[in-house]
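Notes to accompany the following structure.
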Amino acid sequence: VEDTNGAAVPGAAIEIVGVETGLKRNVETGNDGTYQATFLPLGRYTVTVVKSGYGTVVRENIEISLNQTTGVDFKIDPTVTETVT
């Protein structure tokens, strides 16, 4: 997770929700702005990033496949206070 200037955003809350199952997983970005949600069941997910002082960003239909690592990058804007989907 980066801001619009390319700087890492530590402490951003990441919510991952399974579209078909409703399974929820919450993680937080580290000091370098990265996050990891290991061993998610296969399927489609909605991923939401929230950080105080920034806008909320939502990505839908992220597909998790067998034996794959899926990277989902986010740019969040400190000047936007609305949800961007």
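The values are calculated or read from the model by the stated rules, or taken from the named source; none is laboratory data. For clarity, every value in this text was computed on a predicted model and none was experimentally measured. Heads up, the Cβs are rebuilt from the backbone with ideal geometry, glycines too, and the neighbour counts pull from every protein chain shown. For the accessible areas, the whole protein counts, side chains as well, though only heavy atoms, and no ligand, DNA or RNA atoms are used. Shrake-Rupley method; radii C 1.70, N 1.55, O 1.52, S 1.80 Å.
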For residues that are open to solvent by 40 Å² or more (accessible area, probe 1.4 Å) and either in contact with a strand residue (DSSP E or B) (Cβ under 8 Å, 6 or more places away or on another chain) or farther than 21 Å from residue 78 by Cβ (or both), tally how many sit in segment 1-16. 5
Test result for residue 19, open to solvent by less than 50 Å² (accessible area, probe 1.4 Å) and touching a residue at least 12 places away in the same chain (Cβ under 8 Å): no
Selected residue (criterion: farthest from residue 78 (Cα to Cα)) from residues of segment 41-57 that are loosely packed, with under 15 Cβ neighbours inside 10 Å and in contact with a strand residue (DSSP E or B) (Cβ under 6 Å, 6 or more places away or on another chain): 42
